[in-house]
1. Once the Cα gyration tensor of segment 1-103 is found, what semi-axes does its equivalent ellipsoid get, as square roots of 5 times the eigenvalues, in whole Å, sorted largest first?
2. Once both labels are modelled 7 Å past Cα along the beta-carbon direction, what's the residue 176-residue 106 spacing in nm?
3. Which FRET efficiency value, to the nearest 0.05, do you get for residue 156 and residue 127 by plugging their Cβ-Cβ distance into 1/(1 + (r/R0)^6) with R0 = 25 Å?
4. Given bins 5 angstrom wide, list per bin the percent of all Cα-Cα distances in segment 76-217, short to long.
5. Please report how far the C-alpha centroid of segment 176-222 lies from that of segment 119-152, rounded to the nearest whole angstrom.
6. How many nm is it between the label spots at residue 210 and residue 184, if each spot is 7 Å from the Cα in line with the beta carbon?
7. Students often check this: by mean Cβ neighbours within 10 Å, which of 226-237, 163-174 ranks highest, and how do the rest follow?
8. Could you state the orientation-averaged shadow area of the convex hull built on the Cα atoms of segment 3-171, in nm² to one decimal?
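Bear in mind these aren't lab numbers, they're just calculated from the coordinates by the rules spelled out. Quantities reported herein were computed from a predicted structural model and do not represent experimental measurements. Positions of Cβ are generated from backbone atoms using ideal geometry, with glycine treated the same way; all protein chains shown enter the neighbour counts.
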């Protein structure tokens with residue numbers, strides 16, 4: 001029977017997830033692959049954000065898990081992402097500074113527990129990890145790219161684990177292939193331009209809250225806005241150009257008068273301020289309308 005997860009455990013795990021310190025986050029290789037297959041359009045950082053938002057909820061139900069290879073306080077729970085249920089299992093290591101994400105897949109029967117093995121015996125290794133590149137509609141995988149990253153291996157059971165730095169590298173590769181900028185890159189661009197979030201939102205003609213969510217990773221810009229951000233980042237356009245587009249110095253009335261006059265000279269008098277006498281044909285037409 002499930003029960004509410006301990007508040008102290010949730011707070012400490014949330015603090016690590018929200019810290020942005022990638023050295024404190026480790027994920028099992030199979031968990032990362034399950035997440036990528038379940039949500040082809042999602043980034044690895046989206047999993048971390050989804051877990052953080054889930055654990056911030058009050059009265060989240062779950063179960064404590066015993067018998068893991070690594071020492072620590074382990075709990076399992078179910079969360080919802082994009083209308084799909086996801087099973088997750090997280091270990092808060094004894095010193096409280098590192099978390100291990102064991103699972104991120106569709107719910108199914110619990111795996112058989114394995115015997116305990118000290119965390120400090122893990123070995124550093126280099127692996128080729130697949131990165132799924134989604135189609136434009138995000139409903140399927142267009143291609144799979146193999147990326148070489150550093151990982152950890154448990155010699156007891158051979159399980160492979162990826163830390164936060166590996167996840168960040170995989171996200172960078174995925175973003176590059178999709179032609180979009182990561183939240184950290186968007187924030188760095190704004191800081192390089194020397195503008196506030198409010199000003200950046202104004203330049204891009206979006207809401208400030210929407211832009212803030214781009215920098216935190218809670219939302220991602222559309223492909224069209226990504227092109228605009230990339231143009232800013234590459235120096236093809238600058239802040240001054242965007243500001244000029246916000247307040248164009250253009251005489252539309254004069255342009256209309258000019259175009260109308262060139263296209264059909266007989267309409268030119270409509271834009272003249274000085275009165276004129278009606279022609280004989282105009283007088284006849286006027287009398288017919290009023291008569």
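1. Largest first, segment 1-103 gives 19, 16, 14 Å.
2. Placing both labels 7 Å along Cα→Cβ, they lie 3.3 nm apart.
3. Working: r = 18 Å, r/R0 = 0.71.
Efficiency, from the Cβ-Cβ distance: 0.90.
4. Using 5 Å bins, I get a P(r) of 2, 7, 11, 14, 17, 18, 13, 10, 5, 2, 1, 0 for segment 76-217.
5. 26 Å
6. 2.7 nm
7. 163-174, 226-237
8. On the way: hull surface 37.9 nm².
If you wrap the Cα atoms of segment 3-171 in a convex hull and average its projections, you get 9.5 nm².
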